[in-house]
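Chemist: Sharing a structure with you now.
The values are calculated or read from the model by the stated rules, or taken from the named source; none is laboratory data. Keep in mind that what you see is a predicted model, and the values were worked out from it rather than measured. With ideal geometry, Cβ positions are generated from the backbone for all residues, glycine too; neighbour counts draw on all protein chains shown.
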Amino acid sequence: MEQIKSKQRVEQFGEVFTPPEIVNEMLDLMDEEIRKIESRVLEPSCGNGAFLIPILERKMETVMNLSSTDSNSVINNALIALMSIYGIDYLEDNIEECRANLYNSFLNTIPSELITETIEQAVRNILSLNIQQGDSINMKTPSGDDLIFIQWGVSEDGGFRYIRKGVNRIVNEAKAKKSQLDNQNSQDEQEDWTEITVPQIPKLLIPSNSQENVDENEGHRVQKKLF
């Protein structure tokens, strides 16, 4: 992978991509945690996925080792792994490339006979929700709204659920100590999670304003451009 796209981008945005060998050395320091399929990762300057792609690959190795003989478990665990990966980048072309690279990496890992159009659509929308264009310094979208992400979870019946959260809240929770995280998780259980099935994921609206709790039935806008 080239370390720069152009000298102009380096001068204007300070954009330099991390070499793969350095990426892997850094990820090796956190390998045990990264390989947990539910362990969330936020890359605040994700570029075209230099860190997020190998992170997903490591998580997918765990998925296949855990559930390689059970097709339903493969899909569910793979989606959980994908749902745990988040990225922000200032440049639109990087976001498009990152989503496409993660999409291809995901589908190349799953046995082809398990991939349906519904799964493909769900993966596209998860990536459109989790990998967003914005400024990670002030946590704003290009239009100046607060960045809002979807926090995904697993419901009691083995399905999925979600809740909208601002990035600042997600980051603050991630910085908390383990005991504080445990307390926060117990509080999350009491929050207003929304149950969702895989066929419903492609219909989930992409946040476009600064409200954390949005009623999709109240005329909330959908981001028009998916990849």
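Chemist: Exactly one of these conditions fails for Gly49: (1) assigned to a helix (DSSP H, G or I); (2) free of Cβ contacts under 8 Å to residues at least 60 places away in the same chain. Give me its number.
Modeler: Of everything listed in (1) assigned to a helix (DSSP H, G or I); (2) free of Cβ contacts under 8 Å to residues at least 60 places away in the same chain, Gly49 misses just condition (1).
Chemist: Further question on the same structure: Scan (1) within 16 Å of Gln200 (Cβ to Cβ); (2) modelled with pLDDT of 90 or more for the single condition Ala78 breaks and write down its number.
Modeler: Among (1) within 16 Å of Gln200 (Cβ to Cβ); (2) modelled with pLDDT of 90 or more, Ala78 violates only (1).
Chemist: Can you tell me how many residues within the range 63-91 are part of a helix (DSSP H, G or I) and surrounded by fewer than 17 Cβ atoms within 10 Å (Cβ to Cβ)?
Modeler: So the count comes out to 6.
Chemist: Within the range 93-108, can one find any residue that is within 22 Å of Gly159 (Cβ to Cβ) and not in a helix (DSSP H, G or I)?
Modeler: Looking for residues that are within 22 Å of Gly159 (Cβ to Cβ) and not in a helix (DSSP H, G or I), one finds none in the range 93-108, hence no.
Chemist: Which one of Ser45, Ser39, Ser73, Ser67 is farther than 18 Å from Gly153 by Cβ, out of contact with any strand residue (DSSP E or B) (no Cβ under 8 Å at 6 or more places or on another chain) and polar (S, T, N, Q)?
Modeler: Ser67
Chemist: Somewhere in the range 130-142, is a residue part of a helix (DSSP H, G or I) and surrounded by 14 or more Cβ atoms within 10 Å (Cβ to Cβ)?
Modeler: Yes, the range 130-142 contains at least one residue that is part of a helix (DSSP H, G or I) and surrounded by 14 or more Cβ atoms within 10 Å (Cβ to Cβ).
Chemist: Which ones in the range 41-56 are of a type in the set (D, E, K, R) and either surrounded by fewer than 16 Cβ atoms within 10 Å (Cβ to Cβ) or more than 19 Å from Ile150 (Cα to Cα) (or both)?
Modeler: None - no residue of the range 41-56 is of a type in the set (D, E, K, R) and either surrounded by fewer than 16 Cβ atoms within 10 Å (Cβ to Cβ) or more than 19 Å from Ile150 (Cα to Cα) (or both), so the list stays empty.
Chemist: Moving on to the next point. Return only the number of the condition from (1) out of contact with any Ser or Thr (no Cβ under 6 Å at 6 or more places or on another chain); (2) at pLDDT 95 or above; (3) within 22 Å of Tyr162 (Cβ to Cβ) that Leu56 does not satisfy.
Modeler: Every condition holds for Leu56 apart from (1).
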